[in-house]
1. Arrange the peptides 112-120, 192-200 so that the one whose residues have, on average, the most other Cβ atoms within 10 Å appears first.
2. Can you tell me the relative contact order of the range 132-238? Whole percent, Cα pairs under 8 Å, sequence separation 6 or more.
3. How charged is the neighbourhood of Trp207? Take every other residue with its Cβ under 13 Å from the Cβ of Trp207, and add Lys/Arg as +1 and Asp/Glu as -1.
4. Could you give me the percent of Cα pairs per 10 Å distance bin for the chain, shortest bin first, beginning at zero and ending with the bin that holds the maximum distance?
5. Can you compute the charge dipole magnitude of the range 66-149 about its Cα centre, using +1 on each Lys and Arg Cβ and -1 on each Asp and Glu Cβ, nothing else charged? Give it in debye, rounded to the nearest 20.
6. Let me check against my output: what whole-number percent is the relative contact order of the range 120-189, with C-alpha pairs under 8 Å and at least 6 apart?
7. Name the residue, out of Trp94, Trp207, Trp250, whose mean-square fluctuation peaks in a Gaussian network model built on the chain with Cα pairs under 10 Å.
8. Can you run phi through the Karplus equation (6.51, -1.76, 1.60; θ = phi - 60°) for the range 19-30 and list ³J(HN,Hα) in whole Hz, with x for Gly and Pro?
Amino acid sequence: MSEETVRSKPVLGIDIGGSGIKGAPVDLATGEFTTKRLRITTPQKSTPKNVAAVVAEIVEAFADVIGDGPLGVTIPAVVTHGKTRSAANIDKSWIDAEAEKIFEDRLDRDILLVNDADAAGIAEVHYGAAKGHPGLVLMATLGTGIGTAIVYRGVLIPNSELGHIEIDGQDAEKRAAASVKEREGLSYKEYIPRLQKYLERLEALLWPDLIVIGGGISKNSEKFIPKLKLNAEVVPAKLLNTAGIVGAAWLAADRQVHPDALR
Ligand code: BGC
């Protein structure tokens with residue numbers, strides 16, 4: 001299928017989070033939603049099967065807009081060859097689940113399943129803070145956990161999982177995620193050194209040209225980004241809470257053109 005044909009129709013993106021599952025059709029020319037997004041609370045027992053049922057509800061709600069087009073879905077886990085491989089902050093039943101297949105069987109349509117931070121990184125590269133960037137972009141989403149995406153000249157290197165590097169003998173996300181700031185009641189003054197240390201380490205490993213900070217906390221970027229001292233330019237994400245949906249939709253369309261993408 002030609003790239004233009006695929007991208008001329010709205011493509012549905014769905015973002016699976018710990019508290020809500022959100023979906024909207026995306027206009028891939030602009031990276032904007034074509035209608036208001038739908039949010040359904042994540043089931044208490046958030047197994048792949050229960051989540052697939054909610055995803056089906058969202059697909060149903062937008063059936064008229066998306067026709068038989070592809071669907072992109074994000075998940076806060078490592079995804080290789082359609083299988084979810086980890087579950088840092090989600091139900092443990094996702095570990096080694098044939099998630100893409102479970103969704104495809106439930107929905108009877110093509111599904112692209114992707115790590116949530118990878119989707120956000122791709123969205124920022126195509127429509128947001130890293131749009132058209134010619135070099136190495138590192139995105140870090142600071143939320144319940146820390147997600148990362150590495151994109152070089154527009155190409156995603158999936159499942160970087162740099163939220164789990166070890167710092168001072170601890171999983172980095174347990175010290176520097178936005179949820180930790182909240183849980184421990186840290187002021188920005190107390191939190192910034194943790195973030196500085198974390199990003200410094202990432203920088204020493206990867207030497208990105210641009211670091212994009214995402215997650216809810218990026219709304220208050222003026223309170224911490226100017227205080228970070230790094231070699232790379234550091235900028236807040238632009239798409240905020242639409243990034244996962246937009247990136248998933250972009251990648252789903254991309255797989256129509258490049259059938260082996262993220263297989
Ligand atoms: C998970 C990642 C995910 C990130 C953000 C981490 O705990 O391991 O897969 O991208 O949280 O949700």
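Laboratory data are not the source of any read-out in this text; all were calculated from the coordinates shown. Bear in mind that the values here come from a model prediction, so they are computed numbers and not experimental data. Note that we place each Cβ from the backbone using ideal geometry, even for glycine, and neighbour counts take in every protein chain shown.
1. Highest mean packing first, the order is 112-120, 192-200.
2. Rounded, it is 29 percent for the range 132-238.
3. My count for the surroundings of Trp207 gives -3.
4. 7, 33, 36, 19, 4, 0
5. 260
6. It rounds to 25 percent for the range 120-189.
7. Among Trp94, Trp207, Trp250, the largest mean-square fluctuation in the Gaussian network model of the chain belongs to Trp207.
8. Coupling constants for the range 19-30: 10, x, 10, 10, x, 7, x, 10, 7, 6, 6, 10 Hz.
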